[in-house]
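Just below is one structure, and these are the notes that go with it.
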Amino acid sequence: MRQVRTTSAALLAAGALLLGAGAQTASAASDTQAPGMPLRAAAERAHLKFGTAVNTTALAEDADYRRITGREFSSVTAENVMKWEVVEPQRGVYDWTAADQLIDFARAHGQSVRGHTLLWHNQLPAWLTQGVADGTIDSAELREILHDHIKTVVTHFKGKLYQWDVVNEVFNDDGTYRDSLWLQKLGPGYIADAFRWAREADPKVKLFFNDYNVEGVNAKSTAYYELAKQLKAQGVRVDGFGIQGHLSTQYGFPGDVGANLKRFADLGLQTAFTEVDVRIPLPADATKLATQADYYRGLLSACLGSTSCTSFTVWGFADQYSWVPDVFDGEGAACLYDESYRRKPAYEALRQELRQGRH
Ligand code: G3I
C-alpha cells in the first residue's frame with residue numbers, strides 16, 4: 001500500500017500549478033453540459049462506494065439536486081432524518097417517513113445506504129434531554145431507553161443498510177471521553193453496549209465508530225484505535241472506523257492519513273470517509289478552489305491506497321445546502337458544486353483520482 005500521494009508540500013505546489021486549470025474548469029463545468037462519466041461509475045471501477053449525505057427536503061423539492069444525487073453517487077447517507085430527534089420525536093413513537101423515502105430513492109437508483117447515527121450527543125429529542133435534566137429519567141431508565149432505541153431503529157432498517165454509524169463523536173480532541181449525558185449517566189460502558197445491542201438486532205450490517213479530526217494519527221484517532229483493541233479483547237465486534245473528513249484549507253492538510261488507515265486495517269477494521277467537505281475562507285477564488293481540490297483529492301487518494309477503505313462520502317454536494325456557513329463564520333463554498341450546480345475543480349480532481357483506481 002502506498003502512503004497518501006499528496007503531502008502538504010505537494011498540495012501547495014499542485015495548487016499553484018492548478019491555478020489556471022482550476023479557473024477554466026470552474027467556468028466550463030456547468031452540470032448540464034456534457035457531464036461525462038459520473039463519479040459513481042469511476043468509483044465502481046475502483047471498487048469503492050462513492051456517496052453523499054442527502055438533504056431530504058432538497059431531494060423532494062429541487063429537481064437538479066435530485067438528478068445529481070441519482071446520477072453521481074452510489075451510496076447515500078441521511079444528513080438528518082435517521083437521527084434520534086427525527087425518528088423518535090416522542091418517547092416510543094417512531095416516524096420513519098423521511099428515512100424510508102430516502103431508502104426508496106436509493107433503491108430506485110441502485111444506491112447503497114449508510115446509517116447515521118444511532119447514538120450522538122446532538123439532535124436528541126427534547127423528551128429525552130429534558131427528562132434527564134429534570135431527573136424524571138434516571139440512569140437505569142436511560143440505559144433501557146438507549147437499548148430500546150437501538151434495537152428498534154436497527155431492526156426497522158435491517159437488511160436495507162450496509163453500514164451504521166453506531167456511536168458518533170464520543171471522544172474529545174485530546175483523546176478523553178466526551179462529557180455527554182451518555183458518559184455522565186451511563187459511564188464509558190455505553191459504547192460497548194451500543195455495539196452489542198446493534199449487533200443483536202442486525203448481525204450483518206457493518207458497525208462503525210464515526211468522528212471528525214481523526215484523519216491523521218493524533219490523540220483522538222489513537223483513542224479510537226485503543227478502544228477498538230479493548231472492545232475486541234472483550235469480544236465486542238466493531239467493524240469499522242468512520243473518518244468524517246470535515247477539513248478547512250486554513251488549517252493545512254492532515255498528516256499521516258495513510259498510516260492512520262493502515263493501523264485500523266491491521267486491527268481488522270474497515271475504514272470509510274463518511275462526511276467529507278473542504279471549507280475555504282470566503283470569497284472563493286481560483287487559487288482557493290485549486291487548494292480545495294487538492295484536499296479532496298488527498299483524502300480520496302488515502303482511501304484508494306488502503307483496501308480497508310470501503311466508501312468515500314461527501315457531506316452534501318451543493319453549497320446552497322451545506323451546513324458549513326451556519327457554523328463557521330466567513331467560511332463556506334465547501335462542496336463539489338457551487339450554488340448554481342457548476343462543478344468545481346474538486347469534482348474533476350476526484351474523478352481523475354478515481355480513474356487512476358486503487359494503488
Ligand atoms: O428541522 C428543524 C426545523 O424544524 C426548524 O425549523 C429549523 C430552524 O433552525 O431547524 C431544523 O433543524 C436543523 C437541522 O439541521 C435539520 O435541517 C437544525 O437547526 C440544524 O442545526 C441541523 O444541522 C445539522 C447538524 O448536523 C446538527 O448538528 C446539519 O444539517 C447536519 O449537516 C449536521 O451533520 C453533522 C453530522 O450529523 C455529524 N458530524 C458533523 C456534521 C456537521 O455538523
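Taking segment 143-187 as the range and being small (Gly, Ala, Ser) and on the phi > 0 side of the Ramachandran plot as the test, the residues that pass are GLY159, GLY175, GLY187.
When segment 50-78 is filtered for residues that are surrounded by fewer than 22 Cβ atoms within 10 Å (Cβ to Cβ) and charged (D, E, K, R), the ones remaining, listed by number, are GLU61, ASP62, ASP64, ARG66, ARG67, ARG71.
Restrict the check to segment 86-102 and report whether at least one residue is within 11 Å of the ligand (Cβ to nearest atom), outside any loop (DSSP other than H, G, I, E, B), modelled with pLDDT of 95 or more and under 17 Å from the mean Cα position of the chain (by Cα).
Step one: of segment 86-102, the residues within 11 Å of the ligand (Cβ to nearest atom) are 86, 89, 98.
Now narrow it down to the ones that are outside any loop (DSSP other than H, G, I, E, B): 86, 98.
If we keep only those that are modelled with pLDDT of 95 or more too, we end up with 86, 98.
Applying the additional criterion that residues be under 17 Å from the mean Cα position of the chain (by Cα) yields none.
No, because not a single residue in segment 86-102 is within 11 Å of the ligand (Cβ to nearest atom), outside any loop (DSSP other than H, G, I, E, B), modelled with pLDDT of 95 or more and under 17 Å from the mean Cα position of the chain (by Cα).
Does segment 162-214 hold any residues that are small (Gly, Ala, Ser) and either within 17 Å of VAL236 (Cβ to Cβ) or in contact with a Pro (Cβ under 8 Å, 6 or more places away or on another chain) (or both), and which are they? Working first, answer last.
From segment 162-214, those small (Gly, Ala, Ser) are 175, 180, 187, 189, 192, 194, 198, 201; that's our starting set.
If the condition is that a residue be small (Gly, Ala, Ser) and either within 17 Å of VAL236 (Cβ to Cβ) or in contact with a Pro (Cβ under 8 Å, 6 or more places away or on another chain) (or both), then GLY187, GLY189, ALA192, ALA194, ALA198, ALA201 are the ones that fit.
Just give me the residues in segment 251-271 being among the aliphatic types (A, V, I, L, M), more than 17 Å from the chain's Cα centre (by Cα) and closer than 16 Å to PHE209 by Cα, in sequence order.
Initial filter on segment 251-271 (among the aliphatic types (A, V, I, L, M)): 257, 259, 261, 265, 267, 269.
Subsequent filtering for residues that are more than 17 Å from the chain's Cα centre (by Cα) retains 259, 265, 267.
Answer for segment 251-271, where residues must be among the aliphatic types (A, V, I, L, M), more than 17 Å from the chain's Cα centre (by Cα) and closer than 16 Å to PHE209 by Cα: ALA265, LEU267.
For the structure I just gave you, tell me whether LYS206 is basic (Lys, Arg), at pLDDT 95 or above, exposed (fewer than 15 other Cβ atoms within 10 Å of the Cβ) and closer than 30 Å to ASP266 by Cα. Criteria not met by LYS206.
Conditions (1) within 16 Å of the ligand (Cβ to nearest atom); (2) surrounded by fewer than 21 Cβ atoms within 10 Å (Cβ to Cβ); (3) assigned to a helix (DSSP H, G or I); (4) on the phi < 0 side of the Ramachandran plot, marked per residue:
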residue: PHE273; (1), (2), (3), (4): yes, no, no, yes
residue: THR287; (1), (2), (3), (4): no, yes, yes, yes
residue: ASP294; (1), (2), (3), (4): no, no, yes, yes
residue: ARG297; (1), (2), (3), (4): no, no, yes, yes
residue: SER306; (1), (2), (3), (4): no, no, no, yes
residue: GLN320; (1), (2), (3), (4): yes, yes, yes, yes
residue: ASP329; (1), (2), (3), (4): yes, yes, no, yes
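Here PRO38 passes the criteria (1) more than 16 Å from the ligand (Cβ to nearest atom); (2) touching a helix residue (DSSP H, G or I) at 6+ places or on another chain (Cβ under 9 Å); (3) without any contact (Cβ under 8 Å) to a residue 12 or more places away in the chain except the one numbered (3).
The values are calculated or read from the model by the stated rules, or taken from the named source; none is laboratory data. Every value quoted in this text rests on a predicted model; they were computed, and no experiment measured them. Note: ideal-geometry Cβ built from the backbone for every residue, glycine included; neighbour counts use all protein chains shown.
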